[in-house]
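For reference, the structure is listed below as structure tokens.
The values are calculated or read from the model by the stated rules, or taken from the named source; none is laboratory data. None of the values given here were measured: they were computed from a predicted structure. Please note: Cβ atoms are built from the backbone with ideal geometry, for glycine as well, and neighbour counts cover all protein chains shown.
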Amino acid sequence: MDILQLLVSGIANGCIYGLLALGFVLIYKASEAVNFAQGDMMMLGAFLGITFINASYADLPFLIGLTLAALLLGLFGYLLDRFVLRAIFGQPQFAMVILTIALGFLMRFVAGVIWGHDPTSLETPFIGQVWMIGELMIPVVDALIILTTVGLTSLLYFFFARTRLGVAMQASSQNQMAAYYMGIPVKRINAIVWALSGVVAAIAGVLFAAKGAVEPSVGLLFGIKAFAAAVIGGLGSLPGALLGGLLVGIVEPFAGRFLPEVGQIAPYLLMLVVLVLRPGGLFAQISQKKV
Amino acid sequence: MSNRFKSRYDDDINLFEGRWHLAQYALLIALLLAAPWVLGAYYLGELTAVLIWSLAGLGLMLISGHTGQISLGHAAFMAIGAFTNLALMLRGWHFIPALLASAITSGVIGAILSRPILRMSGIYLAIATLALSIIIEDISIMAEPITGGVAGVFAPPIALFGMDIDRYATPKAFYYLCLTVLVVVTLGYLNLLRSASGRSFLAVRDSEVSARALGVNVARAKTLSFGLSCAMTGLAGALYAHLAQAVNYESFLVLISITLLLQVVIGGLGSVHGAFFGAIVVVLLPQTIAILRDFLSNTAGVSIAAYPGMDTALFALLILLMVIYEPRGLYGVWFKIRTWLQLFPLYRKGMFRRTRTYLKTERQR
């Protein structure tokens, strides 16, 4: 029973990692860029959610607050791409890594100035409520997180596989020039995908804040862990991101319980093992170029 | 400056292009040697920090700038160097063998780790090295006999040439020690770059496929480069331990790894100058901001509220502008100014216009 309980909390945590990893994968899939500020965007989303929902701020209903936070962060993602990231359009991946690391530093600073450095958490209508299945306790928050994650992942999966926009995004990531020739507006596609990942980050952030406290620097290590999850799954694969997130989420509490010395670093050890055995992750997307 | 006529093949790879070039660097060395008599104890300490971070930056420059493999985990090797040095000195080793041992230990560990790690590329490599940096934090808590656990270890004074060198008691001697190490390493680095191994690193950076086609052993080049890079960073770590006087797991957080990479980028990837420029910015930026803040509040009456993390934010902003407008970093800026001076009335506006590039997938290599 204890094990099952650990498993439930691990899965719920893993889903948040998965959601964040989804944000990484979205951007990677559409523009082959890696957004090292994804964790910090999640932090911004969490604070926006707190601003809209908490009684001491705007005091809106949960769903309306969530929607507003998602829309606002989506707009932020769009503007970020339009006015900052477009300046280095077409440059190697590495430039984007450095640029997003710098953006993450700036976001942390701005959030610290606006919301302060004290940990804050979200007041939700279902705080503290649990469902009992036999002796197993399932907090309502955890159930909500799991359902949202599964729903969002399948939605995005079909979006990439079936819609014109999704296929255009995949094309523009594989070869920008060729995508141009095919009449795909690559720059606009990039902006849309950044907006989309902003929305996903806001949802992840609000769910994260519903489960625990947030402060401006929470995004750094959480983001790195989620990135590890995305890499375990094979960067560029949506189901892989979810699987990686779940693996990280489950490994963490179990390692903390049974191997307390390595509890903190278990996710990274897992990632290193996966990467050494399969350098492209579980659902590898890399192939050797035929000359 | 007049155009130089090259009459021998050696002219292409000589360390110094001519007497004038040599004189410039001799002047620089003379200035650095004179610095302790000009600067106060505090600024001498800052200058020593610049030297040490330059050394760490040089290490990262070799693997990231000259071999093209991004490492976000070099603070881990600083930690290995620092802890090795202090642990050996506390067990009665002399400073110089302990310093060499710390370079060798981090180099060997780096080379061993590089075999599995360097099979990855691009972003996978970045995250793997980042993970390494996080794991080292934990290991440095667990390996208590060497690292002193959570409390860390204190640096003993360095006994050298019959005197005790200590960062606070004898700042000048410590400064000269760091300067000597840095000059020796820099000369070694420059010589490495013009050797066959060094040129094979550049070939691997520019295109792995073509390097392999030309007969470069890519795996060997990467391992050698990573090992040497880690050795230099380990040296910097050992000196840093004596500068900070005490190190524990918190001295080499992930953030240090990230800052080190940003430092190299801001200086200019792929240039030896860049490592030095970057270190100057990283060490002196907080000072500059503090001085500026005092100046503004004293003279203009404008007070900038002391937001925590202000200097990090400004540093990030600088990086942002640099990546967008000058991808070759401060070295690029300096290079443009130098060209402008050399060509004086003939400089044209579009000389450094970047060609339009398109991103191609790295999923097919």
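Quick notes on this one:
- Some residue of region A:232-254 being assigned to a helix (DSSP H, G or I) and within 9 Å of another protein chain (Cβ to nearest Cβ): no
- Residue in region B:322-344 that is modelled with the lowest pLDDT, counting only those that are more than 9 Å from chain A (Cβ to nearest Cβ) and surrounded by fewer than 15 Cβ atoms within 10 Å (Cβ to Cβ): B:F344
- Output for region A:257-276, where each listed residue is in a helix (DSSP H, G or I), more than 7 Å from chain B (Cβ to nearest Cβ), free of Cβ contacts under 8 Å to residues at least 12 places away in the same chain and not aliphatic (A, V, I, L, M): A:F258, A:P260
- Test: residue in region A:277-291 that is free of Cβ contacts under 8 Å to residues at least 60 places away in the same chain and crowded, with 22+ Cβ neighbours inside 10 Å: yes
- Near pairs, Cβ below 8 angstrom, 6+ apart or cross-chain, from region A:55-81 (over 20 Å from A:M107 (Cβ atoms)) to any residue that is part of a loop (DSSP other than H, G, I, E, B): A:A55/A:E123; A:F62/A:T124; A:F62/A:P125; A:G65/A:A58
- Residues satisfying the criterion are absent from region B:235-243 (criterion: out of contact with any Pro (no Cβ under 7 Å at 6 or more places or on another chain), over 19 Å from B:A101 (Cα atoms) and surrounded by fewer than 24 Cβ atoms within 10 Å (Cβ to Cβ)).
- Any hit, region B:256-265, residues being in contact (Cβ under 8 Å) with a residue 40 or more places away in the chain, in contact with a strand residue (DSSP E or B) (Cβ under 7 Å, 6 or more places away or on another chain) and buried (at least 20 other Cβ atoms within 10 Å of the Cβ): no
- Scope region B:121-175; condition in a helix (DSSP H, G or I) and away from chain A (no Cβ under 13 Å); matching residues: B:P145, B:I146, B:T147, B:P171, B:K172, B:A173, B:F174, B:Y175
- Restricting A:L66, A:L26, A:L22 to those that are at pLDDT below 90 and over 29 Å from B:I258 (Cα atoms) reduces the list to A:L66.
- Only residues that are assigned to a loop (DSSP other than H, G, I, E, B), buried (at least 22 other Cβ atoms within 10 Å of the Cβ) and among the hydroxyl-bearing types (S, T, Y) were counted across region A:89-123, and they come to 0.
- Qualifying position, being of a type in the set (A, V, I, L, M, F, W, C) and more than 14 Å from every other protein chain (Cβ to nearest Cβ), among A:F105, A:F160: A:F160
- Among the candidates B:I146, B:I135, B:I139, the residue that is more than 20 Å from the chain's Cα centre (by Cα) and closer than 17 Å to B:L255 by Cβ is uniquely B:I135.
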